[in-house]
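Notes to accompany the following structure.
The values are calculated or read from the model by the stated rules, or taken from the named source; none is laboratory data. All values derive from a computational prediction rather than experimental measurement. Positions of Cβ are backbone-derived with ideal geometry, glycine not excepted, and every protein chain shown enters the neighbour counts.
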Amino acid sequence: MVKKVFIKTFGCQMNERDSEIMSQILSTHGYAESHDMESADLVILNTCTIRAKAEQKVMSMLGALRKIKVQRPGMKICVAGCVAQQEGDHLLQRMPHVDLVLGTQNIYDLGTYIDRVAGTDRPVVATTMSKAFRIPAFLPADRKNSEPADELYSFKRFVTIMQGCDNYCSYCVVPYTRGREISRRAQDVVEEVRKLVAQGVREVTLLGQNVNSYGRKLNGTALPCTFPELLHQVAEIRGLQRLRFTTSHPKDLSDELIGCFRDIAILCPQFHLPVQSGSDAVLKRMNRHYTIANYLERVEALFSCRPDLALTTDIIVGFPGETDDDFALTMDLLERVRFHGSFSFKYSDRPGVRSCDFDGKISEEVKSERLAIFQRRQDEISLARNSAYVGSLLEIMIERTSENAFQGRTGTNHIVHVDEKTDLAPGDLLEVEIVHAGQHSLKGKVDSMH
Ligand code: 5AD
Ligand code: SF4
């Protein structure tokens, strides 16, 4: 009989991709994905520990699972990803109902570990991290192992091109939970995308913690290849209609990469360039290796290559020692760049990172205040930026359809809702006229255009 696995993914797109890989591995071990946690034979929490809040969410879900497992002792619980990597054995002391602790480099061996925990009550911890780790060459990339099939999954997918990070920003736990930076071979990436496109995929997002340093440390024997070169190779795959990537570190953003936005037609006009703070003094303590002047110069170069680009960023407020003046500089930067959108967070200490030991910790109250001020202004700017699209024609890729409405996404990554019938299917491209703008989405129409 087919067993059921419920997978809950926390955190970033890398984790989403890792969850797909785990699901695909499990499909060859007799499991199909299910959307019901309570009746599942196996529950996997693919976890994130980037900020304290992310980790708290995982812990509270594990608490809830403890009660379910009392009712259904045969259920197996696996904690995978960054919390697993960070906690290892300790997790079992706090959460003895967990059966498998699976680190970030160990997910590829999930099949072996699942077989090992089946039929025993002895928990297994697999969190080894090795300098010699290599991302397996051809990752499984078949259809999603779930019913009903996910509409989005049929035409848009993530492809991991590298793993880990060597930057050691002073606040960040990623180099510890995901290990040293390692790139996949370009030919493997191209082959995987080709395989996806042959299955009907039309949009691909290339993933890495810092794609700009792609190719510096290659996975096994390979010809040297930079990230812009990789983009060109992937873009040549016939049938691929949209190409995106994330994330970029400002210190490594080269002219060649910026030039790709001019030269590669299918590269979408969307760029995520985390700045973290508007203060040079804070950036220095964050170990970011750029100044605001450098950042602004790169932003200008980007917009001169691609004026219709939508730029987004990440911001941390309340970094240790952040003064009112430092925060005012972050607000100044927001006014100067007018980001299309941003992800903003209150600083939180993470285990083992350097900033834990920094003086000048900021109170929760001040952090919350600064975050609210930043987010309020960002919302206004996003709305103003979105309003500028009203009246223009934008191409969308259809994502979901219903009887009398559909929605799609622009190249700039904005969602557009259209209250009309359509004969088109998810994955099809269509031009729409934007008629209304909200902070987080747009409304469009098609009927009067024809
Ligand atoms: N506290 C708050 N935010 C953090 N980020 C990373 N580490 C921390 C931390 N300790 C944010 C950064 C990063 C994003 C993914 O998460 O803004 O770009
Ligand atoms: Fe963390 Fe900095 Fe690496 Fe991004 S570049 S994953 S913020 S250490």
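Observations on the model:
- Flag if residue 324 is acidic (Asp, Glu), at pLDDT 95 or above, away from ligand 2 (no atom under 14 Å from the Cβ) and over 24 Å from residue 166 (Cα atoms): yes
- Within the set 153, 168, 214, the sole residue that is within 20 Å of the chain's Cα centre (by Cα) and at pLDDT 95 or above turns out to be 168.
- Any hit, the stretch 91-105, residues being modelled with pLDDT of 95 or more, within 23 Å of the chain's Cα centre (by Cα) and within 16 Å of ligand 1 (Cβ to nearest atom): yes
- For the stretch 179-202, the tally of residues that are buried (at least 23 other Cβ atoms within 10 Å of the Cβ) and in contact with a Cys (Cβ under 8 Å, 6 or more places away or on another chain) stands at 1.
- Once the stretch 327-355 is narrowed to residues that are of a type in the set (S, T, N, Q) and within 16 Å of ligand 2 (Cβ to nearest atom), the residue that is nearest to residue 259 (Cα to Cα) is 342.
- Of the helices (runs of 4 or more DSSP H) lying entirely inside the stretch 19-124, those containing at least 3 residues that are among the charged types (D, E, K, R) span 52-71.
- Qualifying residue in the stretch 11-25 (condition: in contact with a Ser or Thr (Cβ under 6 Å, 6 or more places away or on another chain), within 16 Å of residue 84 (Cβ to Cβ) and touching a residue at least 24 places away in the same chain (Cβ under 8 Å)): yes
- Cβ separations smaller than 7 Å between residues 6+ apart or across chains give the following pairs from the stretch 255-275 residues that are among the hydrophobic types (A, V, I, L, M, F, W, C) to residues that are within 16 Å of ligand 2 (Cβ to nearest atom) and part of a helix (DSSP H, G or I): 257/212; 257/227; 273/250; 275/250; 275/295.
- The residues in the stretch 224-253 that are at pLDDT below 95 and away from ligand 1 (no atom under 16 Å from the Cβ) can be counted, and the count is 3.
- Checking residue 335 against (1) surrounded by fewer than 20 Cβ atoms within 10 Å (Cβ to Cβ); (2) within 22 Å of residue 53 (Cα to Cα); (3) at pLDDT 95 or above, the condition it does not meet: (2)
- Scan of the stretch 1-17 for residues that are assigned to a strand (DSSP E or B) and of a type outside the set (A, V, I, L, M), ordered by number: 3, 4, 6, 8, 9
- Scope the stretch 164-195; condition assigned to a loop (DSSP other than H, G, I, E, B) and within 10 Å of ligand 2 (Cβ to nearest atom); matching residues: 164, 165, 166, 167, 168, 169, 170, 171, 172, 173, 178, 181
- The sole residue among 387, 441 that is surrounded by 14 or more Cβ atoms within 10 Å (Cβ to Cβ) and under 25 Å from the mean Cα position of the chain (by Cα) is 441.
- Being without any contact (Cβ under 8 Å) to a residue 24 or more places away in the chain and hydrophobic (A, V, I, L, M, F, W, C) is a description that applies to residue 293.
Per-residue answers, yes or no, for (1) within 23 Å of the chain's Cα centre (by Cα); (2) aromatic (Phe, Trp, Tyr); (3) loosely packed, with under 14 Cβ neighbours inside 10 Å:
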site	(1), (2), (3)
288	yes, no, no
293	no, no, yes
300	no, no, yes
303	no, yes, no
307	no, no, yes
311	yes, no, no
314	yes, no, no
317	yes, no, no
325	no, no, yes
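- Residues (farther than 12 Å from residue 45 by Cβ and touching a Leu at 6+ places or on another chain (Cβ under 8 Å)) located in the stretch 7-23: 13, 14, 17, 21
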